[in-house]
Amino acid sequence: MWRWGAVVLSLMIASAAVGQNIDMSTLPPRDAVQLTIYNGEDITLVRESRHVTVKKGLNSLQFSWANTLIDPTSVTLSLGANPDGLELVDTRFPHDRPQVLYWNVRSERDGDAKVDISYFTSGISWAADYVGITDLNESSMALQGYVTITNASGEDYDGASVRMVVGTINLVEKIRDLAQRSGLTSTALAGLKDSDGLAEMDAPTHQVAGVILMQSLDQIDARFDRKEIVKEGLSEYFIFTVPGTETIKNGWSKRMRLFEGAKVPLTTVYRYRPAEYGEQLVRMFLVRNDEKSTLGGSPLPDGIVRLFRVQPTGGLSVIGFVPTKYVPIGQEFEFNLGRDPQVILERIGKRSWRDDFWFERKDPKKLYSPDKGDRVEATDKVSGWTDHEDRVERIRNYRGDAIDVEFRFGIDGDVSFKSALAPTLFDFRTPDFKSSVKAGETKELAFELARRQGSSAKQNAVTLQVRGPSS
């Protein structure tokens, strides 16, 4: 018997019936093993291949998963594309050995055979992190990506090819539900036997469900033979392959380089977006994930970014440690550095007034407006009006260089946004405008909000109107 980690695989040769063991062959180490880590689901697909020695007749292959997090419902055996006189007869789970299964393989010859074993395990995870070092002027950045793989599965994986899936696999969640069911319908079972060559499987229904789980994810996994984006419904997946092979020991973590970008263009901008960053003006580093910036070969997973700046003396100073979200190809890394004490934002309301009154007369019921020359009686009731407010976004820039500022904030109600700031609408209720502030300058960005109230309000949306600088 040959043992690796906590998993035991042995080959027994039976002359007449399964269970009449007359020989025990020591199996060689794995020829190859591949780990595909679906991080969001705590599922790792393990594929391993081995060469075994078989004798003519019935051979029993034993698999044990004691002291590991291997999912026994997912363990499958394949005899390869060219089985060459080999046939998988059945799969058995002995009742007196709850963490063992047997595959019975009939061979028409003596000699060597290749077998492939696939299964899911939990306890293997990965996390990305990045190191960014800006130049002295913060105009470019050397950006390196790393991935740390942690193995708490109970099993060692020597010389493993490691692949990591980015994104949410919605199909996994649906198939996992199937694998957890207590049984399958006779129709589903018959369809499985007819289509997948498992008619001789002697296994409980949870094993059959595990096979469905394995085959469904195999279909997804087959799409990852090349580095590419795969879109399924509203989900986006991508796979990273670590070059070469790695030894992933149980109870250990291992950090590996994912990519390296040299002299990546860097943009600095100040943003006021309360829905994203709270009620503050924050400083942002922006790096575009595209080929022009020496990145763009793949989406970049979420993680922690450690930012440093080169000093005139040649050393490094810490800018900050910030989290980043998943970044598709062509979109921007956004590093939120928080408030900058050298750039101050003051949000000022300068004056307010009310006009454009409409009145309602009870008998006959009708709306009247004095602005239209209508006479208003003492018994008439105010029905609609417009509230006006002049506001200013005042930015004080105490830095030694000019800065770019961007504003985006939502406004409720039927509102006209009047300004000379050339605003656009991010959505139906969110104006978006930007400006630049010179070094040492105090700049005021002025606008008027005209909010229609009562019967004057017709919609919950913002409209844009151009207002002259002095109007």
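We did not get these values from a lab; they are worked out from the coordinates using the rules stated. Only a predicted model underlies this, so the values are computations on that prediction, with no experimental measurement involved. Cβ coordinates were reconstructed from backbone atoms using ideal geometry, including for glycine residues, and neighbour counts include every protein chain displayed.
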Rel. contact order, % - alpha carbon contacts under 8 angstrom, at least six apart, the stretch 343-466: 30
At what distance in nm do the modelled label points of residue 302 and residue 150 sit from each other, each positioned 7 Å from its Cα along Cα→Cβ? 1.6
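For 120, 357, which order do you get if you count the other beta carbons within 10 Å of each Cβ and list the fewest first?
The fewest-first ordering by Cβ neighbours comes to 357, 120.
For residue 279 and residue 377, compute 0.36 nm times the residue count separating them, minus their Cα-Cα distance, and round to one decimal in nm. It would help to have the intermediate numbers written out before the result.
Working: separation 98, 0.36 × 98 = 35.28 nm, distance 4.56 nm.
That works out to 30.7 nm of additional length.
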Computed log₁₀ I(q)/I(0) - Debye formula, equal Cα scatterers, no solvent, the stretch 343-466, q 0.09, 0.10, 0.19, 0.20 Å⁻¹: -0.37, -0.44, -1.02, -1.08
Between their Cα atoms, which of 366/458; 292/434; 325/438; 381/458 are more than 22 Å away from each other? 292/434; 325/438
Here the stretch 153-164 yields Karplus 3J(HN,Hα) values (6.51, -1.76, 1.60; θ = phi - 60°; whole Hz; Gly and Pro given as x) of 8, x, 9, 7, 10, 8, x, 8, 7, 10, 10, 10
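Of 464, 101, how do they rank once you tally other Cβ atoms within 10 Å and put the fewest first? Don't skip to the end; give the middle numbers.
On the way: 464 15, 101 19.
Final ranking by Cβ density, sparse to dense: 464, 101.
For residue 294, what is the net charge nearby, where nearby means another residue's Cβ is under 13 Å from its Cβ and Lys, Arg count +1, Asp, Glu -1? List each step's numbers first, then the result.
Numbers: positive: 263, 288, 292; negative: 260, 290, 291.
Within the 13 Å Cβ shell, the charges total 0.
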Name the long-range amide H neighbours of residue 374: under 5 Å, sequence gap of 5 or more, or other chain; modelled H, no Pro or chain starts. 369
Can you tell me which of 122-129, 238-245, 336-343 comes out highest on packing, and rank the rest after it, using the mean Cβ neighbours within 10 Å? 122-129, 238-245, 336-343
Expected vector for the stretch 455-460, Karplus 3J(HN,Hα) from phi with 6.51, -1.76, 1.60 and θ = phi - 60°, integer Hz, x for Gly and Pro, equals 5, 6, 6, 10, 7, 9
Output wanted: per-residue J couplings in Hz (rounded whole) for the stretch 300-305, from phi through Karplus 6.51 cos²θ - 1.76 cosθ + 1.60, θ = phi - 60°, x for Gly and Pro. 10, x, 5, x, 9, 10
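Any chance you could run the full-extension gain for residue 346 through residue 263? It's 0.36 nm times the residue separation minus the Cα-Cα distance, nm to one decimal. Mind dumping the intermediate values first?
Numbers: separation 83, 0.36 × 83 = 29.88 nm, distance 3.55 nm.
Here the answer is 26.3 nm.
By count of other Cβ within 10 Å, fewest leading, how are 90, 401 ordered? Working shown, then result.
Details: 90 15, 401 11.
Going from least to most buried by this count: 401, 90.
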Provide, in order from the shortest bin, the percent of all Cα-Cα pairs of the stretch 264-336 in each 5 Å bin, continuing until the bin that contains the maximum pair distance. 4, 14, 20, 25, 20, 12, 5, 1, 0
Extension gain from residue 425 to residue 465, taking 0.36 nm per residue of separation minus the Cα-Cα distance: 13.2 nm
Which far-off residues, 5 or more places away or on another chain, put their amide H under 5 Å from the one on residue 333, with H placed in the peptide plane? 287, 288, 289
